[in-house]
Amino acid sequence: MADLHPAPPAFRRSADTAGTPEPAELPGVDTGQAVEIRVPATSANLGPGFDTLGLALALHDTVRVRTTTAGTTTVRASGEGAADLPNDATHLVARSLLGTLDRVGFRSPGLELDTTNVIPHGRGLGSSAAAIVAGVLAANALLPAGHRLDEAQVLQWAASLEGHPDNVAPALMGSLAISWESGHAYHSSRVEVHPDVVPVLAVPDAALSTESARALLPPSVSHHSAAANAGRAALLVHALSADPSLLFPATQDSLHQDYRAQAMLPSATLMRGLRSAGFASTISGAGPSIMTLAVGQEQADAAESAIARLLDQGDTPRAWRVLRLAVERVGAKVEVHQG
Ligand SMILES: Nc1ncnc2c1ncn2[C@@H]1O[C@H](COP(=O)(O)OP(=O)(O)OP(=O)(O)O)[C@@H](O)[C@H]1O
Ligand SMILES: N[C@@H](CCO)C(=O)O
């Protein structure tokens with residue numbers, strides 16, 4: 001989660017204008033409500049689709065939220081990264097939830113959050129987008145009918161909290177999402193993925209924050225690089241949806257991966273080794289995980305063997321997890337329970 005070219009949100013609550021109530025005076029959402037949100041991991045960029053393309057993966061975080069009369073926010077987290085996260089209103093899910101209520105002109109009388117984290121943090125698998133989407137959707141479910149954000153507003157607000165739309169869009173919609181900015185607004189279109197596409201992720205034990213990976217990017221690129229990327233990104237949408245045999249040329253990037261390699265040398269080495277062997281491998285999101293888009297289970301087997309061989313040959317002592325994940329065709333789910 002970090003900004004390169006942040007777009008401001010396209011809607012604002014009345015508190016942005018003079019004379020409107022302070023947060024403590026805002027109406028509270030009802031107490032005794034309980035909602036559960038399940039959000040998929042996502043891999044952004046997919047090579048040439050920097051800040052634009054993202055794929056939902058079948059690996060999910062779950063957040064349970066209860067509104068209470070306690071006047072405080074408490075978070076119990078388990079799983080990935082839990083020990084390093086705050087347990088109060090500064091927790092990213094809580095912050096996104098409270099920020100959404102405030103944005104619409106409401107507050108919470110008290111919140112209890114239970115989160116089960118399965119998506120690894122800082123590995124390029126969209127953990128921050130999943131946390132933001134969970135918070136925004138939970139807030140929306142807790143708001144009274146008539147005050148809820150519509151789908152376009154949810155995308156707009158979640159993407160503005162994240163700073164770019166390429167993870168939050170597939171987390172919300174599932175499958176492949178193509179996102180774009182128009183003025184200050186984010187938009188996204190969902191594309192069905194060919195059933196033969198099998199994502200294989202190699203996830204190292206070291207994290208890299210999106211913020212530091214974005215700091216490595218140059219402020220401008222050549223016309224040549226931009227044109228090369230435009231062609232590959234267009235080809236990639238065709239390859240992912242209709243003709244996976246084109247995935248190898250379609251995943252070639254000229255905008256971000258080389259600039260970031262210095263911050264994730266073992267990952268860059270693994271990706272180059274896999275591409276030299278003919279696999280459609282990319283840095284997943286801002287890294288340092290590597291995603292290979294295999295065609296069919298047999299090629300996924302071969303990719304897993306190649307990853308094991310290349311890691312054995314390398315001089316890195318890092319531990320890596322290899323995950324064969326299905327494309328998640330359904331986006332984040334919201335369940336409202338009896339409090
Ligand atoms: N489930 C969560 N609960 C609370 N905070 C989280 C959660 N998931 C991620 N975060 C916060 O987001 C940070 C990771 O965000 P970052 O954008 O750097 O990486 P990422 O989202 O995992 O990868 P990428 O954006 O490249 O896909 C964590 O260090 C943590 O502060
Ligand atoms: N497009 C983003 C994805 C990671 O959040 C980046 O590469 O920085």
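From A158, A141, A177, A169, which residue is assigned by TED's automatic domain parsing to the domain that holds A94, closer than 15 Å to V93 by Cα and in contact with a strand residue (DSSP E or B) (Cβ under 8 Å, 6 or more places away or on another chain)?
A141
Does A242 satisfy being at pLDDT 95 or above, open to solvent by less than 40 Å² (accessible area, probe 1.4 Å) and hydrophobic (A, V, I, L, M, F, W, C)?
For A242, the condition - at pLDDT 95 or above, open to solvent by less than 40 Å² (accessible area, probe 1.4 Å) and hydrophobic (A, V, I, L, M, F, W, C) - is not met.
Identify all residues within segment 247-260 that are of a type in the set (A, V, I, L, M, F, W, C) and open to solvent by 50 Å² or more (accessible area, probe 1.4 Å); write none if there are none. Reasoning before the result, please.
Here is the first cut: in segment 247-260, the residues of a type in the set (A, V, I, L, M, F, W, C) are 247-248, 250, 255.
Selection gives F248 alone.
Quick check on my filter: what residues within segment 127-149 are open to solvent by less than 10 Å² (accessible area, probe 1.4 Å), of a type in the set (G, A, S) and touching a Gly at 6+ places or on another chain (Cβ under 9 Å)?
Start the filter on segment 127-149 by keeping residues that are open to solvent by less than 10 Å² (accessible area, probe 1.4 Å), which leaves 129-130, 132-136, 138-139, 142-143.
Now narrow it down to the ones that are of a type in the set (G, A, S): 129-130, 134-135, 138-139.
Result: A129, G135, A139.
Kindly provide the set of residues from segment 54-72 that are crowded, with 24+ Cβ neighbours inside 10 Å and either under 11 Å from the mean Cα position of the chain (by Cα) or within 12 Å of ligand 1 (Cβ to nearest atom) (or both), ordered by number. Walk me through how you get there before you give the answer.
Applying the first criterion (crowded, with 24+ Cβ neighbours inside 10 Å) to segment 54-72 yields 54-57, 61, 63, 65.
Within segment 54-72, G54, L55, A56, L57, D61, V63 meet the criteria.
Going by the conditions given, is V295 under 19 Å from the mean Cα position of the chain (by Cα) and in contact (Cβ under 8 Å) with a residue 60 or more places away in the chain?
The answer is no for V295.
Would you check which residues across segment 33-53 are within 12 Å of the chain's Cα centre (by Cα), within 21 Å of R324 (Cβ to Cβ) and not aliphatic (A, V, I, L, M) and list them?
P40, T42, S43, N45
Enumerate the strands (runs of 3 or more DSSP E) found wholly within segment 28-115, keeping only those where 3 or more residues are touching a Gly at 6+ places or on another chain (Cβ under 9 Å) and within 16 Å of ligand 2 (Cβ to nearest atom).
34-45, 49-67
The values are calculated or read from the model by the stated rules, or taken from the named source; none is laboratory data. Computed from a predicted structure; not experimentally measured. Here Cβ is always computed from backbone atoms with ideal geometry, including for glycine, and neighbour counts include all displayed protein chains. Note: accessible area is taken over every heavy atom of the protein model, side chains too, but ligands, DNA and RNA are not part of it. Shrake-Rupley method; radii C 1.70, N 1.55, O 1.52, S 1.80 Å.
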